[in-house]
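Undergrad: Input: one structure, supplied below.
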Amino acid sequence: MKYTIVGAGCGDPELITVKGLRYLQEAEVLIYAGSLVNPALVEQCPASVKLNSWGMSLEEICSAVEEGVRAGKKVVRLHSGDPAIYGSIVEQMDILEKKGIFADIIPGVSSMFGAAAALRTEYTPRFTDIRMVSTGIQKKGHNCSVECALDYGADIAKREGITRSSAGFTALKERLSGSIVVIGNAPSALFAVCSFIDEGIVPALIIGTPVGFVNAAESKEYLRTKPVSAVSNVGTRGGTPVAVASLNEIITMYAE
C-alpha cells in the first residue's frame with residue numbers, strides 16, 4: 001500500500017514540478033500544510049477529501065493517510081518547498097511503514113533555489129570560517145573559488161580584539177551579498193555575518209552549524225531570526241562535517 005508525498009515548491013504555484021502537479025490533480029484525498037502551501041495549488045486538486053494539517057497531530061495525520069489508503073484512495077500529502085528539507089517526513093513514514101504503508105516522494109523546488117532566481121544570482125561557494133571547511137568542499141560540480149575568512153582581517157582582529165574569523169568576515173563584508181557563507185566552527189563569525197544583514201548585506205545562502213557550548217546554539221538561533229536563506233541546526237552540536245556535507249549535497253543537487 002502506498003501514498004505520495006509531494007513537494008509544493010517555494011510559494012509560486014507555477015513552480016511545482018510537472019509530476020507533482022499530475023499527482024495533485026489525480027488525488028482523491030489531500031492532506032496539505034495549510035499555513036505553508038499556496039491555496040492556488042489546493043484549488044487545483046479535485047479531491048473530495050481535503051484536510052488542512054495545520055493544528056493536526058502527527059498521529060492524526062498518519063491516521064488520515066492510513067484511512068484513505070486502506071479505502072483504496074489515491075492519497076497525497078502536500079508539503080511546502082522540498083519535503084527533504086525541514087519536511088518532517090521521516091517520523092510520518094516511520095509510523096506508516098510499520099503498518100505496511102509506504103511513501104513515494106516527489107521532490108519540490110526548495111525556497112533556496114526560488115530565492116536565487118528572485119535575486120537573479122547563483123549559489124556560489126565562496127566564503128568559509130576555517131580552512132578545514134574550505135578543504136572539505138568538493139571540487140566537482142562547480143567552477144567557483146572558495147576563500148577562507150582567516151586569510152583576511154588580521155589587522156582588524158588585532159585592533160578590535162575580536163576573533164580572526166569574525167574579523168575576516170568583517171574585512172570581506174562588501175563581498176558577501178549574493179554569496180554562500182559556510183560557517184562550521186566559529187559562533188562569532190556567524191554572529192558577525194548575521195549582523196551585516198541588518199545593513200543590507202545579504203548572502204544568497206548561509207550554512208551555519210558552529211559547534212560547542214559557548215554561543216554556538218545562540219548564534220544559530222540568531223540566524224533563524226534573519227530574512228535570509230539558511231541551513232542550520234538547533235543546539236550545541238554541528239561542526240565542520242555538517243557544514244561541509246550540507247554544501248556538498250547542494251552542489252551535487254545543482255550539478256544533477
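None of the figures in this text is laboratory data; all of them are computed from the coordinates on show. Since the structure is predicted, the reported quantities are computational estimates derived from the model, not experimental observations. Note that we place each Cβ from the backbone using ideal geometry, even for glycine, and neighbour counts take in every protein chain shown.
Undergrad: If exposed means no more than 11 neighbouring beta carbons inside 10 Å and the site is in a DSSP loop, what's the longest run of the chain without any exposed chymotrypsin sites (Phe, Trp or Tyr not before Pro)? The partial results should precede the final answer.
TA: Working: sites that count: W54, F213.
For chymotrypsin sites (Phe, Trp or Tyr not before Pro) (loop position, at most 11 other Cβ atoms within 10 Å), the longest site-free span of the chain is 55-212.
Undergrad: For the chain, report the translational diffusion coefficient in µm²/s to the nearest whole number, using Stokes-Einstein at 37 °C, 0.692 mPa s, and a Kirkwood Rh over Cα pairs.
TA: Details: Rh = 19.8 Å.
The calculation lands on 166 µm²/s.
Undergrad: Can you work out ³J(HN,Hα) from phi for every residue in the range 67-73, in order, using Karplus 6.51 cos²θ - 1.76 cosθ + 1.60 and θ = phi - 60°, giving whole Hz and x for Gly and Pro?
TA: 4, x, 5, 5, 8, x, 8
Undergrad: I would also like to ask the following. Over the chain, what is the relative contact order in whole percent, taking alpha-carbon pairs under 8 Å and six or more residues apart?
TA: Numbers: 518 pairs, mean separation 41.6, N = 256.
The normalised contact order for the chain reaches 16 percent.
Undergrad: Subtracting the Cα-Cα distance from 0.36 nm times the residue separation, let me have the gained length for E160 to R22 in nm, one decimal. Before the final figure, lay out the partial values.
TA: Numbers: separation 138, 0.36 × 138 = 49.68 nm, distance 5.79 nm.
Gain on stretching E160 to R22: 43.9 nm.
Undergrad: Shifting gears a bit: Anyone know which of N215, N52, N143 comes out most mobile in the 10 Å Cα GNM of the chain?
TA: N143
Undergrad: With no solvent and one equal point scatterer placed on each C-alpha of the range 111-220, evaluate the Debye formula and give log10 I(q)/I(0) for q = 0.17 Å⁻¹, two decimals.
TA: Here the Debye-derived log intensity ratios amount to -0.78.
Undergrad: Then there's this: Provide, for q = 0.09, 0.15, 0.23, 0.24 Å⁻¹, the log10 of I(q)/I(0) from a solvent-free Debye sum over equal Cα point scatterers in the range 2-109.
TA: Cα-only, vacuum Debye calculation for the range 2-109: -0.18, -0.52, -1.33, -1.47.
Undergrad: Once fully extended, how much extra length lies between S57 and A245, figured as 0.36 nm per residue of separation less the alpha-carbon to alpha-carbon distance?
TA: Numbers: separation 188, 0.36 × 188 = 67.68 nm, distance 3.14 nm.
Additional length available on full extension: 64.5 nm.
Undergrad: Quote the FRET efficiency, to the nearest 0.05, computed for K74 versus R131 with a Förster distance R0 of 51 Å and r equal to the Cβ-Cβ distance. Walk me through the numbers on the way to the answer.
TA: Values: r = 51 Å, r/R0 = 1.01.
After rounding, the FRET efficiency stands at 0.50.
Undergrad: Multiplying the sequence separation of T252 and E97 by 0.36 nm and subtracting their Cα-Cα distance, what value in nm do you get?
TA: Values: separation 155, 0.36 × 155 = 55.80 nm, distance 2.87 nm.
The span from T252 to E97 would gain 52.9 nm if fully extended.
Undergrad: What residues have an amide H closer than 5 Å to that of I106, excluding those fewer than 5 places away on the same chain, when H is modeled at 1.01 Å from N in the peptide plane?
TA: I5, V6, G7
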